[in-house]
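Okay, so here's the structure we're looking at.
The values are calculated or read from the model by the stated rules, or taken from the named source; none is laboratory data. Model, not experiment: these values are computed from the prediction. Note that each Cβ is placed from the backbone with ideal geometry, even for glycine, and that neighbours are counted across all protein chains shown. When the accessible area is computed, the model is the full protein with side chains, heavy atoms only, and any ligands, DNA or RNA have been set aside. Shrake-Rupley method; radii C 1.70, N 1.55, O 1.52, S 1.80 Å.
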There are 4 protein chains.
Amino acid sequence: MSFNSFGRVFRFSTWGESHGPAIGAVVDGCPPGLALSEADIQPWLDKRRPGTSRFTTQRQEPDQVRILSGVFEGRTTGTPISLMIENVDQRSKDYSEVALAYRPGHADYAYDAKYGFRDYRGGGRSSARETASRVAAGAVARLVIPNVRIRAYLIELGGDRIDPAAFDDAAIDENPFFCPDRAAAARWEAIVDDARKAGSSVGAVVECVAEGVPAGWGAPLYAKLDSELAAACMSINAVKGVEIGDGFAAARLTGESNADPMRPGNDGKPVFLANHAGGIAGGIATGQPVVVRIALKPTSSILTPVETIGRDGQAADIRTKGRHDPCVGIRAAPVLEAMVALVLADQKLLHRAQVG
Amino acid sequence: MSFNSFGRVFRFSTWGESHGPAIGAVVDGCPPGLALSEADIQPWLDKRRPGTSRFTTQRQEPDQVRILSGVFEGRTTGTPISLMIENVDQRSKDYSEVALAYRPGHADYAYDAKYGFRDYRGGGRSSARETASRVAAGAVARLVIPNVRIRAYLIELGGDRIDPAAFDDAAIDENPFFCPDRAAAARWEAIVDDARKAGSSVGAVVECVAEGVPAGWGAPLYAKLDSELAAACMSINAVKGVEIGDGFAAARLTGESNADPMRPGNDGKPVFLANHAGGIAGGIATGQPVVVRIALKPTSSILTPVETIGRDGQAADIRTKGRHDPCVGIRAAPVLEAMVALVLADQKLLHRAQVG
Amino acid sequence: MSFNSFGRVFRFSTWGESHGPAIGAVVDGCPPGLALSEADIQPWLDKRRPGTSRFTTQRQEPDQVRILSGVFEGRTTGTPISLMIENVDQRSKDYSEVALAYRPGHADYAYDAKYGFRDYRGGGRSSARETASRVAAGAVARLVIPNVRIRAYLIELGGDRIDPAAFDDAAIDENPFFCPDRAAAARWEAIVDDARKAGSSVGAVVECVAEGVPAGWGAPLYAKLDSELAAACMSINAVKGVEIGDGFAAARLTGESNADPMRPGNDGKPVFLANHAGGIAGGIATGQPVVVRIALKPTSSILTPVETIGRDGQAADIRTKGRHDPCVGIRAAPVLEAMVALVLADQKLLHRAQVG
Amino acid sequence: MSFNSFGRVFRFSTWGESHGPAIGAVVDGCPPGLALSEADIQPWLDKRRPGTSRFTTQRQEPDQVRILSGVFEGRTTGTPISLMIENVDQRSKDYSEVALAYRPGHADYAYDAKYGFRDYRGGGRSSARETASRVAAGAVARLVIPNVRIRAYLIELGGDRIDPAAFDDAAIDENPFFCPDRAAAARWEAIVDDARKAGSSVGAVVECVAEGVPAGWGAPLYAKLDSELAAACMSINAVKGVEIGDGFAAARLTGESNADPMRPGNDGKPVFLANHAGGIAGGIATGQPVVVRIALKPTSSILTPVETIGRDGQAADIRTKGRHDPCVGIRAAPVLEAMVALVLADQKLLHRAQVG
């Protein structure tokens, strides 16, 4: 309910700026007794960590997480879990240009309009660096929903879509793009290299599938599972669109072709013959895989000068030097997984609260 | 924080089922002293009301709203505003088929999976009838943001898009589709007639523009204006996708082409040379028009039999007789406007809380 | 999180004014499948109802509750339960004096200072009439915690305390004061009669005991069971003090005398040898009876003229004519029970959310 | 809305255990542009800090606070303010006895009943050490309400009350008891010394007055100012009772004697001739000083053996060795001030949200 917290009964709050001493998250409402150590969190942070390939920003951050509270003798106690990640590579840089003029596409102007001033170093609070806190919190959320498998991957980069027929889950971790289509991954190397060399940037579409979500999670009407997912996704930096299941394509289907027929299954649960709905009906999980898709705009930091205005209203041109991701969509994959995990953990506990 | 409430400081809660005695909303946190009577609410309800053309459900509901509290001598008192709409046309109907088997695409199976049983009469709580409560609450929200003009219209129906060059704001209220393109509106008559006659249904894309939102509204990071809008939109029945600004198309642009350059304006505020961002950066309004777009699936109620299962797990076929909208997207336009108004009213008050 | 809602996962919101057409409550988050009809709610309302003896206000209100949603075929569906009570006896009365001058002790001046104006008819939203909505919601809460027995009674009226040795649970329902001490009840008749005849009023202390609350309910640190109870109690009209267990008397004990020693019980649970703590330690229930006590000031409506000021700031005298409770503490007993039930139902579900 | 957060628009969340590496608070919703550095917080922490006199625990904690986020160039940015205090004096101690048996009056048994196990080192999360986080957050809250003067002091210790006639505001900071009555302070030295030497403990009553709260802050009905204060106070360790204004004494007054008559003031505001109400009517501030009073039980840690049970249910005796406050009420004074400041800051912003 506050500005920097998310969730209802399994909640997390994040804090910290790009160039402050540290960033962090406080996870509240976690069930007690779950085995948790830094080793459960670090691998997820490593997936999001910058500087692991030439396709992401070259900022060097080890992103070592510390658990400061909420764990005793290796298990969660049910009290708040404080996670902290120190900022290491706050390269001394001249921010005078960014301090004085607004970078179009960034939050610079909006923050000034709201707060009267801003921490302009590396984007301050609006930096995608904050998403490391989400990934750390998401690692805790995963422990709450051990039977749910969450997997995010890029299906489009710079306008180039994968071939669904070439989808190979095993490929996702083999390339720096979380791309399930090996041929596409190869093409994307050139796309990102070109964008980087040109000082340009490209967008991406990331899909996330959560398998093992039991029918019944979710809560009509304003805590609908899809509504919560939409809020969670749209809060990720650079996201401009969210789809559940067929998304916008569903608007072009007829009722017959959009139906997800059911047949009796062997275990008493229905077998669905299609999943246009993306696993959610009426805001509640149907037991099918939950499918979410997000669109990320191209990084706003580019070397091409863009017309803008300065803090005192004068005309100016600005080009964003420094270290940037040529495609923020790449590192968004682990962030999306984290947000989906956080929503599902919360919904599991909400469901348990009401229905037992 | 509860399941059927929305908003943080300007909040509303809705209650009621399709075939119960009434539905309603309680609006809380409304500023005092605003002139409010039923006459301020009724016109918006009338826009959403069923049965006004042959293109929507033939259920006859006058949707007369009553204000039961929170208004004294014609002005809001600052205390909860209780709005009630009686259900009139609960046609006596045989619901035994729906009671026994799940309609694919509807919430039937999911509700049963969650709650163990469900009110199957007309969809119960999951019925789009609930959106009348939102429209009533939204009418109150509009009074909180008198300088914001909110306008929603269909840009696609049954896969047929409008011609942006033919956009005419005046056309929107002249046809039963809230369609700003007169030629498209003419084509859509046939599309919806055909769907209705075939017992089929079609989807739609609805766009909403809010003009006059001042730069600064919104609240990073988990109460971002776009995040709140996404949650609000995705909570509307049948919505499967949400876009802000260019949405998914932004993912196919380069950083240069996606930039919204700024020039000094005459009033001290910047003039933006483009609005790919849809008026929001870093979760905060930039002062440009806020642009939201939603995709609605085709109505799941169709006459074609669909394979399904019954409550006791047996195979069945079901076709949905009765009165239905062949395109739920049409009546979603006033609902979308209401939800955008509700989000913006809340964000205005939140902004005022923090920044004064 | 909103102003007129209470609870976290089992929530209720109330609306309505003393002299509007109706008052009501919306209960959200209720578990599905509970048997519920008006007959489950009415008896509790009848206990709080005015005009049942000469010791309460003579306003005649049948307080008939209607369930407008959330129940299907006699069982809760898990969706919002809308409860409405019509105001019947809004006696046509001249409110011009109250409209023009502030009654000391009432919310008149504070409401005007906050909102700029107020509904002055019978106190508007600040009227104790609102507590009928709580009692109705509390009746639903009781169904969520069927194994908890909640019992409130007056232990002091007009400064006259009961004799603890004379405590008889059976006596509580035998007199109009919810007094467990028959001799005290007899004395109180005279006290209240005298106050009523003198146009004066008296205060009261009400105690509530909840038996059957299992050890573990409650949630540190800011959703502590005692913290939630304190908020719930202090929100009741005219309450000026709240105690848990020994309350203020505990401040005068030594650590040894305040200890609640434990011995092994036969059922694996401890037997406590005392209950100074009132069943709560560290914000969590210990399994002992939960004991809450509230102090209610004397009704502010008195016939003796009191110095005050008018709306335009001028000096005035005011005496409150009309129908009033000479002791608001009497009818507070069923309200306190309701609030305790509402807190406990919420805490039960919260506990289940986190711990399973 | 979560378990370890407090507030609605000005919110804080705390984390950390007595014997973990650190404790902390995240303050969210703070207005931007306020001058803030560690130097604004440290003095308040120093007042609460242990080991400053022989009358408090001898644990040595410098309680040095670090601001990790939310401040840029010396001013608050409007983003979350992360405050961290390292635990320094986690004396290596044998906790085996506490691990195995429950200390009556402590949260030991309740935590185990809830969570299945607990961090038994120094009370873990239930330790009063957590209140340092509140004091740090409260120091930020004070900056939001610069015109409000908040002052807490003990009026009773070990059953010995101050003489109201001897009240001297200047005395409060001259003695280790925050006692406004110099003669009482002298007596209390002996009372606490005796308790400490005997391995016993005593309770206390602390009063807090907030001057300068404008009429209108507060929000009926479930965010009433007194209701929020009651929740805030009751969440403080060892508190068993809360009063507003005359509190329980009001229950023994008549309506005439409890009235707070008003006369016209020179500045257009009323002059109140009494303040039985403690500055709050109908949940809204009247402009008079807000008066809150809390009762704290004697410290449960005593050297006298108390009957208890062990983790596996067996009978045991336990005496609490180690460093403890013989009267937790003493250090509660700065904590109470902090909680009152946090409530008032939140209410100021809430009021501004709704009323502007």
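Legend: mean number of C-beta atoms from other chains within 10 angstrom of residue C-beta atoms, peptide C:258-270, equals 6.
Accessible surface area normalised per residue over the stretch C:3-353 is 29 Å², counting heavy atoms of protein chains with a 1.4 Å rolling probe.
Considering only A:Gln314, A:Gln42, A:Gln288, give the residue with the highest GNM mean-square fluctuation for chain A, with springs between Cα atoms whenever their separation is below 10 Å. Maximum fluctuation in the GNM of chain A, among the listed residues, is at A:Gln314.
Principal axis extents of the C-alpha atoms in the stretch A:38-128 (largest first, rounded to whole Å): 50, 34, 22. Its residue count N fixes a reference of 2.2 N^0.38 Å for the stretch A:81-223, and the Cα radius of gyration divided by that reference is 1.35. In the protein assembly as shown, the DSSP-assigned H stretches of four residues or longer account for a calculated mean residue ellipticity at 222 nm of -8500 deg cm²/dmol, using -39500 (n - 2.57) per stretch and the full residue count as denominator. Averaging the Cα positions of each part gives two centres, and for the stretch B:179-228 and the stretch C:117-158 these lie 44 Å apart. Within the shell of other residues whose beta carbon sits under 11 angstrom from the beta carbon of C:Ile318, the net charge comes to -1, with Lys and Arg scored +1 and Asp and Glu -1.
Each Lys or Arg adds one and each Asp or Glu takes one away; over the other residues whose Cβ falls under 14 Å from the Cβ of C:Leu253, this sums to -3. Mind checking which of D:Asp94, D:Asp260, D:Asp40 has the largest fluctuation in a GNM of chain D, springs on alpha carbons under 10 Å? Looking only at D:Asp94, D:Asp260, D:Asp40, the biggest GNM fluctuation is shown by D:Asp94. Over the stretch A:252-356, the fraction of Cα-Cα pairs per 10 Å bin, rounded to whole percents and listed from the shortest bin up, is 11, 24, 24, 17, 14, 8, 2.
Peptides B:150-159, C:248-257 ranked from most to least packed by the mean count of surrounding Cβ atoms within 10 Å: B:150-159, C:248-257.
Spread over its residues, the convex hull of the C-alpha atoms of the stretch A:142-218 is 126 Å³ per residue. The tail of the calculated P(r) for the protein assembly as shown, taken as Cα-Cα distances beyond 45 Å, holds 39 percent of the pairs. Per residue, the convex hull spanned by the Cα atoms of the stretch C:215-256 amounts to 101 cubic angstrom. Rg/Rh for the stretch C:76-146 (Cα atoms only, Rh after Kirkwood) is 1.12. Using every Cα-Cα pair within the stretch A:241-295, state what percent have a distance larger than 18 Å. Summing the P(r) of the stretch A:241-295 above 18 Å gives 34 percent of all pairs. Across peptide B:119-127, the average count of Cβ atoms from other chains found within 10 Å of a residue's Cβ is 4.
Here the calculated FRET efficiency for C:Ala186 and C:Glu73, from their Cβ-Cβ distance with R0 = 56 Å, stands at 0.70, rounded to the nearest 0.05. Both radii were evaluated on the Cα set of the stretch C:1-45; the Rg over Rh quotient, with Rh as the Kirkwood radius, amounts to 1.02. With R₀ fixed at 45 Å, the C-beta to C-beta distance from A:Thr304 to B:Arg161 puts the FRET efficiency at about 0.90. Compared with the rule-of-thumb size 2.2 N^0.38 Å for a compact globular protein, the stretch D:3-353 has a Cα radius of gyration ratio of 1.02. Using equal-weight Cα scatterers in the Debye expression, the normalised intensity of the stretch C:119-162 in log10 at q = 0.15, 0.21, 0.26 Å⁻¹ is -0.67, -0.85, -0.88. Screening chain C for DSSP H helices whose Cα atoms reach 24 Å or more along their own axis and whose mean Kyte hydropathy is at least 0.5 gives C:328-355. Protein heavy-atom surface of the protein assembly as shown, 1.4 angstrom probe: 51% of the accessible area is carbon and sulfur, with nucleic acids and ligands not counted.
Other residues whose C-beta falls under 15 angstrom from the C-beta of D:Asp173 contribute a net charge of +1, scoring Lys and Arg +1 and Asp and Glu -1. Chains B and C together bury roughly 3400 Å² of accessible surface, counting both sides and using a 1.4 Å probe on protein heavy atoms. For the stretch A:185-300, the calculated P(r), taken from all Cα-Cα distances in 10 Å bins from zero up to the bin holding the longest distance, is 13, 35, 29, 16, 7, 1 percent. Computed over the stretch A:1-92, the Cα gyration tensor eigenvalues convert (square root of 5λ each) into semi-axes of 26, 16, 12 Å, ordered from largest to smallest. The residues of the stretch B:84-111 listed by number as losing at least 10 Å² of accessible area in the complex, against the isolated chain and with a 1.4 Å probe, are B:Met84, B:Pro104, B:Gly105, B:His106, B:Ala107, B:Tyr109, B:Ala110, B:Tyr111. Excluding residues fewer than 8 places away in the same chain, name every one of the lysines whose C-alpha is closer than 18 Å to that of B:Lys348. Reachable lysines: A:Lys114, B:Lys224, D:Lys348. Counting Cβ atoms of other protein chains within 10 Å of each residue's Cβ and taking the mean over peptide D:195-207 gives 3.
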